[in-house]
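J.: Sending over a structure as structure tokens; questions will come in a sec.
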Amino acid sequence: MNAVDKATQKSAWISLLVSVFILFAKFFAYSLTHSTAVLSDATESIINVVAAVVALFVLRAVAAPADDDHPYGHGKLEYFSSAFEGGLIAFAALVIAYEAIHALIVGNVIRQPAVGLWIMSGAGVVNLF
């Protein structure tokens with residue numbers, strides 16, 4: 001594995017760890033607030049974590065040299081990764097739509113909005129970097 005591949009793998013691991021941290025922060029904020037908006041953002045974070053895990057596997061597979069079964073290499077796995085992430089986004093959209101409609105029909109009381117706002121703001125700043 002050359003230096004570029006090591007740097008790419010390291011970046012993917014950092015992305016995964018940060019995504020997991022943000023995921024837990026957002027679900028913690030949801031557990032305190034019961035806000036549908038926070039839940040939808042936490043659902044999006046699940047996609048980031050799963051996509052980061054898939055990216056780790058794809059990056060490792062793509063770095064493998066060409067072989068008899070794959071004479072041009074394994075680069076097409078990147079398309080699988082993109083399609084898989086797109087499917088996750090579509091699924092999350094359905095979950096978020098369901099939760100939003102449920103909250104509109106049944107109603108939803110937000111608890112501890114200030115604490116939730118601070119946690120979500122902190123997660124947003126971490127995500128920015």
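J.: Kindly identify the stretch 66-129 as rounded, prolate or oblate by the Cα gyration tensor criterion: order the square roots of the eigenvalues as a ≥ b ≥ c, call it rounded if a/c is under 1.5, otherwise compare a/b with b/c, prolate if a/b is larger, else oblate. Present the calculation step by step, with values, prior to reporting the outcome.
T.: Details: a/c = 7.23, a/b = 2.06, b/c = 3.50.
Oblate, because a/c is 1.5 or more while a/b does not exceed b/c.
J.: Which angle between 0 and 90 degrees, to the nearest 10, do you get for helix 3-33 versus the longest principal axis of the chain when only C-alpha atoms count?
T.: 20 degrees
J.: Taking the alpha carbon gyration tensor of the stretch 17-77, what are the square roots of 5 times its eigenvalues, largest first, to the nearest whole Å?
T.: After scaling each eigenvalue by five and taking roots: 37, 10, 5 Å.
J.: Continuing with the same structure: On average over all directions, what projected area in square nanometres does the chain have, based on the convex hull of its Cα atoms? Intermediate values should be presented prior to the final figure.
T.: Details: hull surface 35.9 nm².
Averaged projected area of the chain's Cα convex hull equals 9.0 nm².
J.: Related question: Report, in degrees rounded to the nearest 10, the 0 to 90 angle that the Cα long axis of helix 77-106 makes with the longest principal axis of the chain.
T.: With both axes taken from Cα atoms, the answer is about 10 degrees.
J.: Just reorder Leu39, Leu77 by solvent-accessible area, largest first, 1.4 Å probe, all chains present.
T.: Values: Leu39 25, Leu77 65 Å².
Correct descending sequence by accessible area is Leu77, Leu39.
J.: Quickly estimate the mean residue ellipticity at 222 nm for the chain, helices only: each DSSP H run with n ≥ 4 gives -39500 (n - 2.57), and the total goes over all residues, rounded to 500. Spell out each step's value before the answer.
T.: Numbers: 4 runs with 104 residues, N = 129.
Calculated at 222 nm, the ellipticity per residue is -28500 deg cm²/dmol.
J.: Hey, what do the phi angles of the stretch 114-125 turn into as Karplus ³J(HN,Hα) couplings, whole Hz, using 6.51/-1.76/1.60 and θ = phi - 60°, x for Gly and Pro?
T.: 5, 5, x, 5, 5, 5, 5, 5, x, 4, x, 5
J.: Which value, in debye to the nearest 20, gives the size of the charge dipole of the stretch 1-98 about its Cα centre, when Lys and Arg are +1 and Asp and Glu are -1 at the Cβ? Intermediate results must be reported in sequence, preceding the final value.
T.: On the way: 5 positive and 8 negative charges, 66 e Å.
Dipole of the stretch 1-98, to the nearest 20 debye: 320 debye.
The values are calculated or read from the model by the stated rules, or taken from the named source; none is laboratory data. All values reported here derive from a predicted model rather than from experimental measurement. All Cβ positions, glycine included, derive from the backbone under ideal geometry; neighbour counts span all protein chains shown. Note: areas computed on protein heavy atoms with side chains; ligands, DNA, RNA excluded. Shrake-Rupley method; radii C 1.70, N 1.55, O 1.52, S 1.80 Å.
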